[in-house]
Amino acid sequence: MFMLPKTNRLILVATLAIGGLLSGCSGGEERAESPKQEQCETLLGAENVEAAMKATGGSDVEVSGTPQADVLADRLAREAKRWQKSDLLHTPYTACRMSAFEGDRIIGAIDVSVRWSVLSMRMMDTPQISRTWRRVNDSLFLAPEASPARMQLLAVCAVPGAIASQPSDLPLRFEVAAKDLRTELRWELLSTFARSVVEAMDCAKPPVIPSALPAAA
């Protein structure tokens, strides 16, 4: 068997490595589809994701985040069980961040996230809060336009093992942030996401999340 001298073998390996890097960086190639995109479609609804990405104007999509409902539910439940009334800082969890590209330029983005809220259910009827939040039912409040391009949902979820005041003092806060989306599509993404996470959590009394956009919105 013919053997290259050690020096020549090193040169050959270096040449192949550089060639691979250059071919990977060459222009005109489409961005590889993220393995998380299918999980995001499961979490948010495949038709909803397709419609949202179409609205952003991009077919070349990069996906990041933690798009597994059971993983999000586990992290949220653990945080709730450790929570005390004096705790005001809550960890935000990005479920899906979908970035639409045109070449190397981002032309649109959709962020879907969840965290425990600093707003308690008792605060929802105050004049200042009620200007933004609308009551959907006893376990659900909606902020249709919390700020431009954002829609938020507050949902009661009693986590077994948490302190007694947790359901009313520590509701879940779901959010979809994306410009260029019509209100109905934001709601489809938001409500499907919230249902996916709530179903994965062991809420003592799950919140009722309607399929249709509430009339108050």
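The values are calculated or read from the model by the stated rules, or taken from the named source; none is laboratory data. All of these numbers come straight from a predicted model, not from anything done at the bench. Note that we place each Cβ from the backbone using ideal geometry, even for glycine, and neighbour counts take in every protein chain shown. Areas reflect the complete protein model, heavy atoms only, side chains present, ligands, DNA and RNA absent. Shrake-Rupley method; radii C 1.70, N 1.55, O 1.52, S 1.80 Å.
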Q: Output yes when any residue across region 158-166 is part of a loop (DSSP other than H, G, I, E, B), of a type outside the set (Val, Ile, Thr), touching a Cys at 6+ places or on another chain (Cβ under 7 Å) and surrounded by 14 or more Cβ atoms within 10 Å (Cβ to Cβ), and no when none is.
A: yes
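In the list GLU145, GLU199, which residue meets the criterion of being closer than 20 Å to ALA80 by Cα and either within 15 Å of the chain's Cα centre (by Cα) or not aliphatic (A, V, I, L, M) (or both)?
After ruling out the rest, the residue left standing is GLU199.
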Q: Please specify each residue of region 59-75 satisfying the condition of being small (Gly, Ala, Ser) and either in a strand (DSSP E or B) or farther than 9 Å from ALA200 by Cβ (or both).
A: SER59, SER64, GLY65
Q) Among ILE129, ILE106, which is the only one that is closer than 26 Å to PRO206 by Cβ and without any contact (Cβ under 8 Å) to a residue 12 or more places away in the chain? A) ILE129
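So which strands (runs of 3 or more DSSP E) stay within region 79-156 end to end and still have 2 or more residues that are under 17 Å from ALA215 (Cα atoms) and open to solvent by less than 70 Å² (accessible area, probe 1.4 Å)?
Values: elements: 93-102, 105-116, 134-137, 140-147, 150-155.
Ranges flagged: 134-137, 140-147, 150-155.
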**Q.** CYS203 vs. criteria in contact with a Cys (Cβ under 7 Å, 6 or more places away or on another chain) and at pLDDT below 95
**A.** yes
Q: Tell me which residues, restricted to region 170-187, are surrounded by fewer than 23 Cβ atoms within 10 Å (Cβ to Cβ) and in a helix (DSSP H, G or I).
A: THR183, GLU184, LEU185
Q. Quick check: is even one residue across region 27-48 modelled with pLDDT of 50 or more, more than 19 Å from ARG150 (Cβ to Cβ) and hydrophobic (A, V, I, L, M, F, W, C)?
A. yes
